[in-house]
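Asks: Got a structure for you, questions after.
Read the figures in this text as sums done on the coordinates, not as results from a lab. Everything numeric here is computed off the predicted structure, so don't read it as measured data. Neighbour counts run over all protein chains shown; Cβ positions are idealised from the backbone, glycine included.
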Amino acid sequence: MTPRQKVFATLVALAFIVIIVELVRRRKLRIEYSWIWLITASMIMTVVWRYDWLEALTAAIGAVLPTTTLFIGSTLVLMFLTLHLSLRVSQLTSQVKNLTQEAALLRYELSQKKGESRDSPAPPAREPPPPG
Amino acid sequence: MNSRHDTVVIIPARNEAAFIGRVLHTLRDQHPDADIVVVNDYSTDRTAEIARAFGVHVVDLPLHGGYGVTIQTGIKFALRFGYRHAVTFDADGQHDAAEIETILGPCRRGETDLCVGSRYLHGGYPTGWIKRCGVWLFGALARLFIGKPVTDPTSGFKAFNRRAMRLYAADNLPDRFPDADAIIMAHRAGLRIGEVPVRMFPPPDDDPMHGGVKAVYYAFNMLFSIAMTVLRRDRINLEEERPAEASERAGRIGAAP
C-alpha cells in the first residue's frame with residue numbers, strides 16, 4: 001500500500017467516525033444503530049494500518065488478491081447491515097400494529113364515554129371475562 | 001341471535017361504501033338484537049359514516065393495517081368487552097346473514113372452539129381455476145397437519161369462542177392473511193376446529209386478495225407461513241388473563257437488541 005493510499009483511506013475512515021459521532025450527538029442516530037457503523041470504520045482503519053493482516057486473511061480464504069478479500073468483506077458487512085435493519089423493521093411493524101389496534105380501541109372507548117354519537121349503541125360493558 | 005352481549009359480529013371493512021349499507025341492513029333485519037362492530041381499516045370513502053348511521057359499533061384504525069390486522073382488532077374488541085362468541089363477516093356481501101346461526105351452533109354447543117363456514121363443503125360455488133388450485137393445495141396442507149378435511153381454507157366466515165379469540169388476538173398470529181396457517185396454528189395450540197357448509201354469494205368484484213400477481217404473493221406467503229407455523233413451538237396462553245397480568249403486559253415495550 002502506498003503512503004498516499006494509506007492517507008486517503010485513513011481520512012475516509014476518520015471522516016466516517018466523525019460523522020457517526022456527530023449524528024449521535026445531534027440525536028439523529030440512536031446509539032444502538034451506531035455501533036455497527038463504528039465497527040465498519042474501525043475495520044477500514046485496521047486494514048489500512050495492518051495490511052499484513054489483510055494479506056494473511058486473503059491467503060486463509062484462498063483468494064489471490066487482497067482487493068478480492070476487501071470486496072467480499074464489504075459485501076458481507078452490507079448484507080449483515082440490511083439484515084439487521086430488516087429485523088428492526090419487522091420488530092417495529094409488530095409494535096406499530098399493536099399500537100394501532102390499541103389506539104383504535106381506546107379511541108372507540110373514549111368516544112363512547114364522551115357520548116359523542118348519541119345514535120351509536122350503548123357501549124358493551126367492559127365486564128370481567130366469563131369463566132371458561 | 002340470543003342474548004345481547006353474548007355474540008358480536010365483526011365486519012372488517014376497507015372502502016366498502018358501495019356494499020356495507022346493504023350488508024348492515026340485512027344483518028339488522030335478520031338479527032335485530034345482534035351486536036355488530038365494523039372495524040374500519042382506514043377507508044377513504046364513506047364506509048365509517050354509513051356504518052355509524054346504522055348505529056353499530058365502529059372502531060377506526062388510525063392507519064391502513066390490512067385484512068389480518070383488521071380482523072384481529074375486531075377479535076380484541078370482542079375479548080375486551082367480554083363477548084363469549086364472535087363471528088367474522090365480510091363487508092362486501094359475500095356472506096349470508098342467515099347462516100350466522102349455522103356457524104355459531106357448534107361453538108355454542110361446545111363442540112368446537114373455532115368453526116369455519118365452508119362454501120365448498122356441499123359444492124356448487126363457482127370458482128376460477130387459480131383459486132380452486134389454491135383452495136385444494138392449502139386445504140390439503142391443512143388436512144395433513146390437523147388430520148381432518150378443511151375444504152375452505154380461505155373462508156373469512158368464522159365463529160369463535162373465547163379460547164379461539166385468544167389465539168387470534170395473540171402476537172404470534174400470522175397477521176398478513178390468517179387463513180390456513182392460522183387454522184393449523186389453532187389446531188397445534190389445542191383448539192377444536194370444525195367446518196360447516198354455508199351458502200355464500202359470489203364476490204362483487206374479483207376477490208382482490210387472491211388474484212393475479214397477488215395470488216402468487218399470497219401463495220408464497222401462505223406456504224412459507226404454514227412451514228414456519230409447523231416448525232415453531234409457540235406456546236400461546238388460551239386461558240383468561242387476570243387484570244394485573246393484562247396491564248403488566250400492556251406496559252411492556254419491546255427492548256432494543
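Asks: Rounded to whole Å and ordered largest first, report the semi-axes of the equivalent ellipsoid of the protein assembly as shown derived from its Cα gyration tensor (root of 5λ). Could the numbers behind the result be given before it?
Replies: Numbers: eigenvalues 501, 132, 76 Å².
So the three semi-axes of the protein assembly as shown are 50, 26, 20 Å.
Asks: To continue, here is another question. Across segment A:3-114, what fraction of all alpha-carbon pairs, as a whole percent, falls in each successive 5 Å bin from zero upward?
Replies: Binned Cα distances yield the sequence 2, 10, 13, 15, 14, 11, 9, 7, 5, 4, 4, 3, 2, 2, 1.
Asks: For every other residue with a beta carbon closer than 12 angstrom to the beta carbon of B:A142, add +1 if it is Lys or Arg and -1 if Asp or Glu, then tell me the sum. List each step's numbers first, then the result.
Replies: On the way: positive: B:R143, B:K148, B:R188; negative: B:D152, B:D179, B:D181, B:E195.
After counting each charged neighbour, the total is -1.
Asks: Taking amide H positions as placed 1.01 Å from N in the peptide plane, with prolines and chain starts having none, which residues 5 or more places from B:V150, or on another chain, fall under 5 Å of its amide H?
Replies: The answer is B:R143.
Asks: Then there is this: Rounded to whole Å and ordered largest first, report the semi-axes of the equivalent ellipsoid of segment B:50-106 derived from its Cα gyration tensor (root of 5λ). Spell out each step's value before the answer.
Replies: Values: eigenvalues 80, 47, 33 Å².
After diagonalising the Cα gyration tensor, the semi-axes are 20, 15, 13 Å.
Asks: Pairs A:K6/A:K28; A:K97/B:K214; B:K131/B:K158: which are spaced more than 24 Å apart, C-alpha to C-alpha?
Replies: Details: A:K6/A:K28 30 Å; A:K97/B:K214 22 Å; B:K131/B:K158 19 Å.
The pairs that break the limit, which is 24 Å between Cα atoms, are A:K6/A:K28.
Asks: Please give the charge dipole size of segment A:3-114, origin at the Cα centre, charges +1 on K and R Cβ atoms and -1 on D and E Cβ atoms. Round to the nearest 20 debye. The partial results should precede the final answer.
Replies: Values: 13 positive and 6 negative charges, 131 e Å.
Dipole magnitude for segment A:3-114 comes out near 620 debye.
Asks: Nothing charged except the Cβ atoms of Lys and Arg (+1) and of Asp and Glu (-1): what's the magnitude of the dipole of segment B:1-158 about its Cα centre? Round to the nearest 20 debye.
Replies: Values: 17 positive and 17 negative charges, 80 e Å.
Around 380 debye, computed over segment B:1-158.
Asks: Restricted to Cα positions, what overall size does segment A:50-121 have along the principal axes? Three whole-Å values, descending.
Replies: Sorted from largest, the Cα extents of segment A:50-121 read 79, 18, 14 Å.
Asks: Quick one: what are the phi-derived ³J(HN,Hα) couplings along segment B:178-192, Karplus 6.51/-1.76/1.60 with θ = phi - 60°, whole Hz, x for glycine and proline?
Replies: x, 10, 4, 4, 5, 5, 5, 4, 4, 5, 5, 7, x, 7, 8
Asks: Quick one: work out Rg over Rh on the C-alpha atoms of segment A:1-55, Rh as Kirkwood radius.
Replies: For segment A:1-55, the value is 1.08.
Asks: Also, quick follow-up: Which whole-number value in Å³ per residue fits the convex hull of the alpha carbons of segment B:7-240? If you can, show how the numbers build up before the last one.
Replies: Numbers: hull volume 27.5 nm³, N = 234.
Once divided by residue count, the hull of segment B:7-240 is 117 Å³.
Asks: Run lengths n ≥ 4 of DSSP H only: what is the helix-derived mean residue ellipticity at 222 nm for chain B, with -39500 (n - 2.57) per run over all residues, to the nearest 500? It would help to have the intermediate numbers written out before the result.
Replies: Numbers: 9 runs with 106 residues, N = 257.
Calculated mean residue ellipticity at 222 nm is -12500 deg cm²/dmol.
Asks: Return the distance in nm (one decimal) between the two label points of a simple spin-label model at A:V96 and A:R25, each offset 7 Å from Cα along Cα→Cβ.
Replies: About 3.2 nm, to one decimal.
Asks: Now for a separate question. Classify segment B:28-74 from the C-alpha gyration tensor, please: rounded if a/c falls under 1.5, else prolate or oblate depending on whether a/b exceeds b/c. Provide the component values of the computation, followed by the final result.
Replies: On the way: a/c = 2.83, a/b = 1.58, b/c = 1.79.
Oblate, since a/c reaches 1.5 and b/c is not below a/b.
Asks: Moving to a separate point now. Once you put a point 7 Å from the Cα of A:A60 and another 7 Å from the Cα of A:H84, both along the Cβ direction, what distance in nm separates them?
Replies: Result for the modelled spin labels: 2.0 nm.
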